[in-house]
Amino acid sequence: MIDLPKKEVDVLVIGSGAAGAISAWDSAVKGLDVSMIGVGTPATEMSSGCIRFNDDRSVPEGLGLDRGDLEDAFSRAERFLIDEMKTSGLKMEGARRDQGRYYRCHGTIVPENIVQGPTSSGGLDRIEGERICVIGFEDRTEFDHRLFAKALAQRSDLRVEHIAVGTTNGVLRNSSVDDLLDMFVDAAGSASGEVVFVPPFISLKDIDRWEELEKRSGRKFAEPVMDLGMPGARLRDALISSASRAGVSITNGASIVGMSISKGSLNEVTVRSGHRLQHIECGAAVFCGGGLVGGGLGVSGKDVIDPLGLFDVRYLREGDGIDILARASSGGIRTGPGLEAIVDGEKVRNLFVAGASLPGMNIVEGNGIGDAMATALLASKAATEASR
Amino acid sequence: MRGVDVMLLEKGDFCSGSSGGNHGLLHSGARYAVKDPESAKECVSESRILKGIAWNCIEDTGGMFVSVGKDDPGFADVFHDACKATGVRAARSTAKELHQVERNLSDDVADGFLVDDAVIDPFRLVLTNIEDARRHGATVRNHCEVVSFERSDGHIGEVKFKDQRNGSVGSVVPEVVVNAAGSSSGSIASMVGGNLAMTRDYGTLVVFSGKLVSGTVNRLRPPSDGDIIVPSHTSMIAGTTSRSISGPSDARPTIEDKELIIKEVSEMVPALRGARAIRAYGASRPLASGSSGRGASRTFKLIDHEEGGVDNLISIIGGKLTTYRMMAERTSDAVCAKLGVRANCTTGEEVMEASRLDEAVTLVSASQSESMRRRYGHVPSEMMNVVPVGSMGVQSCSCENVMRFELEHYASSEDVITIADLMRRTRAGMGYCQGTGCMWEMASALSDEGDIDLLIRDFVRERREGSSTVIEGDQLRQEMFRSHLLWPFQAARGGEER
């Protein structure tokens, strides 16, 4: 093991998903020296990249948070999504729905829109037109255009056709994005559909290409949400890019191996990256390691645990059948009314928890990225104050 | 094979009941030598035959019986004598010799015996039989449930069955009806007014990811809960428990069953405690004898319902996977006697068609053909017709190394209508991720066959039945991850089952 020189920061953010990135960004734009460390694939990256801000505040309020502070955090998170993501090259589109506000990357279609069909989507993700064409790569199974077309037809009254392009892996390997763009424009030209679904092949900051695709073919393009799909990865890229621009120092592939806490105060965090060990002295820290899916929390038997064995964790011990899943995911790290972590029954004044690590906030439970981002802004505000 | 015109009807998929709900052990007979010598002798002769006629379904791993510290040392002699008396080969071995065969044995293992146990893939075995039966002219239909028997003057006339594919009702007028419905044999018999004395006994098995044993490891003591572990493909299966149940619907593994199995089996193989339990499953054993549990004989019973007032119904109940061929021979003897057919049974001599060496010119990679040989016994040439030209194909299931063309091949069969049907044939979805990624691939391969939502929902339900009661630790986290991935799909159905 190699010991790296000790580092000093104002705020250390642990976890680099949506909650970690917005929290680090927030502290950094206030002029603080911020480091963010992360490991693995955050749940944000695995998600559909769609963000919901629930009207129902019962979960964050259940954590003891002040209602006024929460409202403020929610509106700041929404503003961040619209303004800051645009600067990072991601065009977020939002609309009001029954239970909250929904945002997604331009061009992304979520399953609800397919089910509700062309007319009832309330402005967001609207499929305008009645004929749909799905274009896919012949021998790439990560986006199965036939399956998708079939599902689409089954779930709606839409008329759906599908077209395959690029018959061998070799074509894809040797093609540039512009070659692919030409292929899709050609294929769309032979389609009768007004809306064309394509696999995500245009990368971040390529809104121009997307618009070119639509302009040249005269059709509206959309890309569907998939498992481990691009929209989630794009959202995460944009978030990281914003944090980086704000001056956050980012280390990926690093995990915490120890925290030194004495007299209710966090002094030092030990971080390991491969064979390198680093001690980071910090004024305050925000833990956004995620829940069960993000990997910030683990499972031992049926109990939700914190792999560091540090925090006090709230869990429901008993469960049966499918309930176990819901119960396990409702566990999380116990916090005080200002999101201060509780360790051995005592609040730690400068260590805060946000996002899916909090009880009831796990993404599987359904509270999602919006609430995670709002709690992250509250935690970063508290951390910024505590570090001074 | 004896010239009789045969139709086989199965209400679900082939091997979806008790035949598939076991640990896939091809008994050497040693397990039964002491308490059930009749079953032991049957196992000796039948396992030898099966290693010949169905070699592609069998991994001849060998096995052992071991005694652990506290076990009764007197049992070894009783066991040895019983094996000699029943013709079961059992070679007495020291702890050191046993450790040379199985490196993960406990240091508490005192001594034991090496036996001729082997591992049999029940799904492959049943499918091989079906293929062979078809080749001999039998009509075989799965997903067809018998809905009524027309009976007059103690004779079954027309039999009606419903095809689950399209709900259509077909009919047949058989000369003789064989009831081989496993746990449902009782209800089939009562549909014709017959009666079957049968007890149902439920056994739980736990599947673990990876292999800590190379052959079977059995506990050297009278048959008891948690006395065996069997290697199987990429996993190992530990079992079993035994409790009587009232009907197939009570047949569910419990957390207590699982804990008991881990506690008992880890006394022989301690590292099992650290292994990842993927799922638990089980099936009810339809036992022919009046008693149930460990005391009940595992031998079979052939019943001619003529005495009970139905002159053309024969039921075959009890028995075990290892003796299935013998049970079938006795049954077809009885059928032929009724029909006046004189031809002899040749199932003990003729190698089944799918077991004949049929090695395709290998278009797939070396590791892929190795995987296919493990799963199918060989690289089937007919599967190669759909491999894209100039391509090794695309991998669909990384846990079990199943390629897309394998899924396409089976999906094109009329027998296959659900994702679980496809899984039983290819093993896609049986690994530790339980189909997280490959269920989409399977749905996609099947998508011309039916409703995708329904396919996925049925499969998730089927997999969860096995895991939900016992899931914990890493596997629970895996299941959380899967729920997360399923969410966008399920949200489209109105948010249920999130």
Name the helices (runs of 4 or more DSSP H) wholly inside segment A:90-181 in which the number of residues that are at pLDDT below 70 and over 26 Å from residue A:51 (Cα atoms) is 1 or more. A:169-173
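Every residue, every condition in (1) farther than 15 Å from residue A:54 by Cα; (2) open to solvent by less than 10 Å² (accessible area, probe 1.4 Å); (3) of a type in the set (S, T, N, Q), yes or no:
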site	(1), (2), (3)
A:332	yes, yes, no
A:350	yes, yes, yes
A:367	no, no, yes
A:381	yes, no, no
Residues that are over 25 Å from residue B:99 (Cβ atoms), open to solvent by less than 30 Å² (accessible area, probe 1.4 Å) and in contact with a helix residue (DSSP H, G or I) (Cβ under 7 Å, 6 or more places away or on another chain), drawn from segment B:239-276: B:241, B:242
Restricting attention to segment B:431-475, which residues are farther than 27 Å from residue A:307 by Cα, more than 9 Å from chain A (Cβ to nearest Cβ) and not hydrophobic (A, V, I, L, M, F, W, C)? B:449, B:450, B:457, B:458, B:461, B:462, B:463, B:465, B:466
Out of segment A:25-69, which residues are within 12 Å of another protein chain (Cβ to nearest Cβ), assigned to a helix (DSSP H, G or I) and polar (S, T, N, Q)? A:44
Mind listing just one residue for me: the one in segment B:298-315 that is assigned to a strand (DSSP E or B) and open to solvent by less than 20 Å² (accessible area, probe 1.4 Å) and, of those, nearest to residue B:36 (Cα to Cα)? B:315
Take the conditions in contact with a Pro (Cβ under 6 Å, 6 or more places away or on another chain), surrounded by 17 or more Cβ atoms within 10 Å (Cβ to Cβ) and in a helix (DSSP H, G or I) and apply them to residue A:81. Does it pass? no
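Residue-by-condition table, conditions (1) open to solvent by less than 70 Å² (accessible area, probe 1.4 Å); (2) among the hydroxyl-bearing types (Ser, Thr, Tyr):
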| site | (1), (2) |
| --- | --- |
| A:22 | yes, no |
| A:28 | yes, no |
| A:42 | yes, no |
| A:47 | yes, yes |
| A:52 | yes, no |
| A:59 | yes, no |
| A:72 | no, no |
Determine if segment B:88-99 includes at least one residue that is farther than 23 Å from residue B:375 by Cα, buried (at least 16 other Cβ atoms within 10 Å of the Cβ), of a type in the set (S, T, N, Q) and more than 30 Å from the chain's Cα centre (by Cα). yes
Filter segment B:402-442 for residues that are β-branched (Val, Ile, Thr) and farther than 22 Å from residue B:365 by Cβ; the one that is surrounded by the most Cβ atoms within 10 Å (Cβ to Cβ) is B:419
How many residues are more than 24 Å from residue B:474 (Cα to Cα) and buried (at least 23 other Cβ atoms within 10 Å of the Cβ) when one looks only at segment B:204-218? 3
In segment A:274-305, residue farthest from the other protein chains (Cβ to nearest Cβ) [restricted to those that are under 24 Å from the mean Cα position of the chain (by Cα) and among the β-branched types (Val, Ile, Thr)]: A:286
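The values are calculated or read from the model by the stated rules, or taken from the named source; none is laboratory data. Bear in mind that the values here come from a model prediction, so they are computed numbers and not experimental data. Glycine gets a Cβ as well: all are built from the backbone with ideal geometry, and neighbour counts include every protein chain shown. These area figures cover heavy atoms from the full protein model, side chains too; ligands, DNA and RNA do not enter into them. Shrake-Rupley method; radii C 1.70, N 1.55, O 1.52, S 1.80 Å.
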